[in-house]
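I have placed the structure first, in the form of structure tokens, so that the comments after it can refer back to it.
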Amino acid sequence: MSNTANEERAELGVLFVHGIGEQRPGRTVASFAAALYGWLFRWNCDKEMSPLSPTLSETVVSPDSGVDAEPARATLSVGLRLRSGPRRARWLLAESWWADVFAPPRFLDLTQWVWKVSTCLLVLQFVIPMRRHWRDVRQDSDRRPLRLLQLRHALVAAGYCVLMGVAALLSVLLSIALLVLAVAAKLPIPRIDRAVQWVVVKLSAVLGDSYVLAHCPVQYAAMRTQVTHDLAWLEERCDKVVIVGHSQGAAIAHQVIKDGDYRKDRLRAFITLGQGISKLHLLRRMDWDPQARQVALRTRMLVTTGLFLAGLPLAGMLLSRWVDAAFEIPATFPLNVVLIGVGFLAIFLGVVQAIGVMGEEMERDFLLPGAGTEFSWIDYYASADPVSNGPLMAKSEEGSASGPARIYRRTGDQRPCDEIHNSGSILTDHNGYIRNQDQLVSKLLNDLVAAAYVDSDADVAGSVLVDDRVLTDVKRRRHRLVRWLVAGRTFAAAMGVALWWFNPAPLFKDPMNQVVQLMAPNAGMGDGLAQLVATVVLMAMFYVVAILLPWRVLERRSVNQFFHSANGGWQNTPGRPGSREKDGHTSRESVRISVSAGL
């Protein structure tokens, strides 16, 4: 890993650390480099600035394997139109690929682990935002003009209690499904065996990385070693370094920095996108802290027992309706009330047990000793990302959230984590960060520029790529679009319920049966299945045509509006034609403190 004397050093090195352990080598740096290149190309696309168009060189996306292997990388050269004027930049982009040290766990072991932690984890998925809203109510309790806002926060916090009950039910169903798959995988039936094995591999790939990080200290140490090796390689070749981590990659990089495995004279910023730090700390605590482990098991037992007792009356009613009277479960009204009451009480006690796992000491665990003095810690989270599940910390503390004064000025913001609006979906928000060109990529490039060129307070005003006023407009615009999209989804779901009620099956049963008979000549749909299929198909068609396609058009229009209105930043550059400065004053609202960053 030696640097030759004639090798040109990059002024900034960016190390991307990927998340889920199925990534192919080179894929992460290729995705990030393409996003940055595309953004910068559109930013510098006018004829006057053609010499500043971005170029990629010295690109390696299929690195050799081995202990001394160099990471996948690309050199980005581009002209940056900063407020102080044009500047030529040379950045080295590299990735830390740790998927080769990830060995998927045995499915039976994974199933047992999920059974132990899933209820506690899913319940806490809603406890965290519930506590956040409840804290808002308490903080605003003395401010009379905000009574309506207090009521909204209180109603949202109460709504999360219902969601916690649903999460508890889903966790039990997930455990049962995993247990059935684990048993079915042992059956000597060729077709079933292959199908189950495919499901097992996919589930291991999705849940296995969390299992390994929390439960397998040797593999977790190997992943940290790989990230440390790649960071050292980048530090030798660059004057300044920034780490960008996504999901579980952010959690691994966080631990590397916490262990002090970096050069203090090189690292300038740590940017997390959809961080998995909080989830990893919670999982490790439930797996290695004896007290937390017992709490997780008690939560599981209480919730499972409560769901069983509360579900007995419903099961009896269904059995009495759908099977012979010989199998009917006799039940009286008082007994049903007692069973439901005891069941919900057990579920409530289980939720209370799960809440006990959370504590202020967990937030103190997130703190990095050098954040705010040696480097900036910037955290971006998408509005519906289930992994980050909101801001990393409830409030900023000294040395935890705000960056160095020479890069990020302090504000009165009690929550400096930066919220990003991707698509408002728990299914797509986590992997949609770099597709958010107008909001996330713009902020990310602002952070990279600040890390590369801000060495003193005097540099802050001039080292700005995208003006803060433009980013504020973008955030409001995307927030409105996401709210419209969520409202559209809600309307589509309500339409599905209405379709089910009015039963469109008679109109579509014959055409659907004709389609089915093309694959199985003597097959046909029953009334219940035809009703379900017709409802789902009509609702899906409505959602795609009336909601999803217009959203895509509006999102693209928002991106085009951003690049058109910002005009490459020329309007905001002092002394340039078309500048927005008035009376000799320029806006200094461009760089904000952040525990902000996103994928």
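Summary table
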read-out: Residues of region 91-115 that turn out to be closer than 24 Å to Val242 by Cβ and aliphatic (A, V, I, L, M), as a count; value: 5
read-out: Residue selected from region 270-304 under the condition in contact with a helix residue (DSSP H, G or I) (Cβ under 6 Å, 6 or more places away or on another chain) and part of a loop (DSSP other than H, G, I, E, B), by the criterion modelled with the lowest pLDDT; value: Gly276
read-out: The one condition in (1) hydroxyl-bearing (Ser, Thr, Tyr); (2) at pLDDT below 75; (3) surrounded by fewer than 18 Cβ atoms within 10 Å (Cβ to Cβ) that Tyr160 fails to fulfil; value: (3)
read-out: Within region 3-30, considering residues that are among the small types (Gly, Ala, Ser) and modelled with pLDDT of 75 or more, the one farthest from Leu92 (Cα to Cα); value: Gly19
read-out: Ser57, sole failed condition from (1) surrounded by 15 or more Cβ atoms within 10 Å (Cβ to Cβ); (2) polar (S, T, N, Q); (3) at pLDDT 85 or above; value: (1)
read-out: Meets criteria (over 24 Å from Phe126 (Cα atoms) and hydrophobic (A, V, I, L, M, F, W, C)) for Ala251; value: no
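The values are calculated or read from the model by the stated rules, or taken from the named source; none is laboratory data. Computed from a predicted model, the values in this text were never measured in an experiment. Reconstructed Cβ throughout: ideal geometry from the backbone, glycine too, with neighbour counts over all protein chains shown.
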